[in-house]
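Heads up: the structure comes next, in structure tokens.
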Amino acid sequence: MDFRSSRRLKKWGMDSYLYAPKDDYKHRAYWRELYTVEETENLTSLITAAKEQGIVFYYALSPGQDMTYSSQKELQILKRKLEQVSQFGCEAFALLFDDIEPELSKLDKEMFQTFANAQVSVTNEIFTTLNNPKFLFCPTQYCSSRAVPSVVESEYLNTIGTKLHADIDIMWTGDKVISKTLTIESIQEISDVIRRPPVIWDNLHANDYDQKRVFLGPYSGRSPEIIPLLKGVLTNPNCEFHANTIAICSLAAWSKCKSETKINTEVKLETETEDGLPQEPIPSIVSENIYHPKIALKNAIKEWLTEFCIPKEAFGPISKPQPPVTMVMPILPIIPSVNTCMSLTTTTTSCSFTGNPKPSPAVPEFNTSQLQAFADVCSTVNSSSTNPVMNSLVSATKIILDDNIPNTIASIATSNIEIPKKIPISTMAVPVMKIGSTQLIQDESLDNNLDMTENSKENEPLMNVEDDELRELNDKGSLKFDDIVKTNNEHEISDENIEAMECGSSIASQTSPNNMVKTLSEDIIMSDNAKNEIVMQIEMSDEEVQELNLESDFKSVNEDDLLLFCDLFYLPFQHGNQALKVLNDFFWLKNNANVLVSRNKNDSSVKIEIQEWMQRSQKFDEYCHSVYILGKKISTCANKELCYDLFSYIWDIATALTVLNAFVKWLALGCFPENINSYTQGSFTWFSKGWKESFQSGDQEPWVFRGGLVSDLQRLMPVDGGNDLFVYKFPDSPTVEYYLMRPYNHMDEEEVYNVYQKTNQDTNILPENFKELLFDLNICPFLTLNPELAIVMHNTCNIIIGYACAVVDCKIFNRNKEICWIPNMCEKYPLEKCESSLPVFVKTTVNGFHNFKYECPPCVYSTYPSILSLGILKDDLIMNSSLAKQILTVLLAALRSNGSFGVHICLDDRQCGEMDFYLKLGFNEIFRDTENSTIYLGRQY
């Protein structure tokens, strides 16, 4: 954080900043180590910058993972560490005891009666040693779902409430780790137990548990009427620094209101535009004291828009910060217990706890009717990163690989174990993810937290003077306390009393790539030798930014673009209006495509239905095009830091829509049976019974429905068992090159031929008069006899760079080939042309035409009756390795629509390159014909 960063926070209404980066190894894993001279300079600069803008800087430490509470030596080490930071000018502190096992060591059990007593003893002594500063405390049970057995009856929470010093604030996330709503009743309940107003650490916009999601929707689900009941609010925003303007600005607007609109904000109003935003003038719709999320979103978008025009450099490859989450489920796989790295602070008050103890409640039960659906969702989650990453949801200290994270839900879903009608919900404590608070933004990355100097620091994220400050604040966490709201008890809300919760972001997530190649693993290894280059950046004041000329050409992002972006990546329990529209439109087009089969009938009602289908498919295509344009604008914006933060997300959604749009264009051909719907209905999708309701209810933590809109769209594609086809590696750098797909037409034959020639090495040694031989053998029969099952891929210049073709039944195909194709080939390649000097495979191919005989092995045909072939130009495949998967997905969906559930490829055993290509696409060897040197690869879908 620097002066500009702290100024930005103050401008947005933040008044506190929590430094609690769990990627800072001296914050958690090596909390005992003092800071070096270089690190001291960094931390001191952060504290000074905050003070200059009146921002309270909270320094947090997480010693609970391996601390011996009863050890005086450990206690002295903890005091020494915090006293060192105090010498840097820090006047506010926090101790975080989240993400730890709630068990005492053997030595601690001899001194302390309970786990809570041990934490309280250490915290109170530290508080006193530091002369009673502003102080936050994060309990191990930080939300209702983690309270054992309940909030009211939790011995742990009651001990914290009665014995923790009254001037220490306690943080709380609500009913769940990520709460859809916060109610007055729930706030009053926890306040009674902890004997003070809680500091809400809000995880609404935290995204470190899902690689496919970033949350750009407005702060919602919390009525401003709860503000008088709180000591403050901390927001734990997205891992990506530049993605948090909406979260922070809308929270700031919320904090200034006294009540929320009584209108259902999820329903379109008569006074709203098609995009769901209130029409001008805003004051005539909602009073300034009444909070309306959509108005807050619109205002925040205006604020965010200026950031896209600030010139900034970036370095290194794009890397998503959050890895897949490990589902920690002792009993119920559907309710993963994931630790959020949240901080909770409690201040004991003079009032004592009274009341009769209640009898132990019956163990709650969970209805498993949707268990399989939830399991399917989790099993289809995509992970495109293969680099090691720091994951707060898996481990706060260990570096792991994505592929090593087990998917407990998926394994249970695929087992044959019968699931009982109801399952007792475990109340065992589980790990939690890191989170921030409403008006405080926290930085969890070592980049933004530890290393902020003019010279290269270890693990330092690249930040711009103005947004760099915000990036640090984002990662570390900024908290805002409402200055107006005061409680009647003696402890008033102080602007300085709030800190932000830490967000489980990795260092790589805080760095922006461009001119320097830097791996994620290099960012994560936190050693004294790790250094990052500093890139010169252009500094611009807020006034200068406002003067930028925002032109309306395709390169300039506008408010409508950002509204579209926000709708695509809205909130954990809610898709935006335009996202819902694309879901509904594709589902309608797929379900009503059967009307196209009857297009030749003279029935007027059928013609009207077909016309409607065509019109809606055109609108769907236009919608997809708007997303492509959005991706281009973001990839070419002046702010490369922002671009690198957001591009992978827009690339994900654009890729998903490319596949869906290509399938819609194929459906428009009407080349499928009338009972197509019996083949294309997915097992569990957004439109399955109870699925949407479960997603929106907030009863489940959002990581149960991982993948967001991208996964919801992918699951609508009729390719069961094709999850691997949706695992893409995103480009290392932003690109304006988008590849689109459409059905093949006869005008494309020459371009397809060129692609085939360039992708097959054998064509290079063919004699001039045999140049088309292999194309005539392997591809042309598909294009001639079954052109309706051929897809081509082209770039933005409309040049074809790939193809995929197939037939539903290989036996019928070969019979037709023998009748309609082979005679022409025999005429084109007469035996007398086969000179002795020709390559052996040329003579063998020509002889094959004249002695055509093809029999698919029964073991292959019975399960894999279809056959296909595809090719992509190497240069384009290097640029975008997902292209082959995309075109294959569309072709498999087309085969599935025709009742085929298995496809094979027949290769010569010397075609090692092609075999490797198809194996990477999920094909497996299913049969080897040694006599004919032939290998069959197949896959089901």
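Between the residues S144, L96, S121, the greatest Cα displacement towards the positive end of the dipole of region 95-172, with unit charges on the Cβ of Lys, Arg, Asp and Glu, is found for S121. Taking all protein chains into account, the per residue accessible area for region 870-910 stands at 30 Å² (1.4 Å probe). Here region 877-896 and region 31-90 have alpha carbon centers that stand 51 Å from each other. Amide H contacts of G232 (H built 1.01 Å from N, in plane; Pro and chain starts excluded): I200 sit under 5 Å, all sequence-distant by 5 or more or on other chains. The value given for region 49-97 is a Kirkwood hydrodynamic radius of 12.0 Å, derived from the mean inverse Cα-Cα separation.
Considering lysine pairs in region 4-98 that are 8 or more places apart or on different chains, how many have Cα atoms under 15 Å apart? The number of close lysine pairs in region 4-98 is 5.
Anything over 22 Å Cα to Cα? Flag those among K607/K692; K302/K632; K590/K692, in the order listed. Violating the 22 Å limit, Cα to Cα: K607/K692. Here region 198-266 and region 141-174 have alpha carbon centers that stand 22 Å from each other. When only Cα pairs below 8 angstrom with a gap of at least 6 residues are kept, region 867-935 shows a relative contact order of 31 percent. Share of carbon and sulfur in the accessible area of region 784-870 stands at 54%, probe radius 1.4 Å. The label-point distance for N769 and K607, in a model that sets each label 7 Å from Cα toward Cβ, rounds to 5.5 nm.
With a Förster radius of 60 Å applied to the beta-carbon distance between S697 and N132, the computed FRET efficiency rounds to 0.90. Accessible surface of region 714-774, 1.4 Å probe: 50 percent of it comes from carbon and sulfur atoms. Length available on full extension from E33 to E101: 0.36 nm per residue minus the Cα-Cα distance, which gives 22.3 nm.
Scanning residues 5 or more positions from S733 or on other chains, those with amide H under 5 Å from its amide H are I318, with H placed 1.01 Å from N in the peptide plane.
Past 29 Å, Cα to Cα, is the threshold; run K758/K885; K106/K180; K833/K920; K212/K758 against it and keep the listed order. As for pairs spanning more than 29 Å Cα to Cα, those are K106/K180; K833/K920; K212/K758.
The solvent-accessible area of D108, taken with every protein chain present and a 1.4 Å probe, is close to 0 Å². Taking all protein chains into account, the per residue accessible area for region 764-813 stands at 36 Å² (1.4 Å probe). Using a probe of 1.4 angstrom and keeping all protein chains present, the accessible surface of region 198-264 works out to 18 square angstrom per residue.
The values are calculated or read from the model by the stated rules, or taken from the named source; none is laboratory data. Keep in mind that this is a model prediction, so the values were computed, not measured. Here Cβ is always computed from backbone atoms with ideal geometry, including for glycine, and neighbour counts include all displayed protein chains. The accessibility values were calculated without ligands, DNA or RNA, using every heavy atom of the protein model including side chains. Shrake-Rupley method; radii C 1.70, N 1.55, O 1.52, S 1.80 Å.
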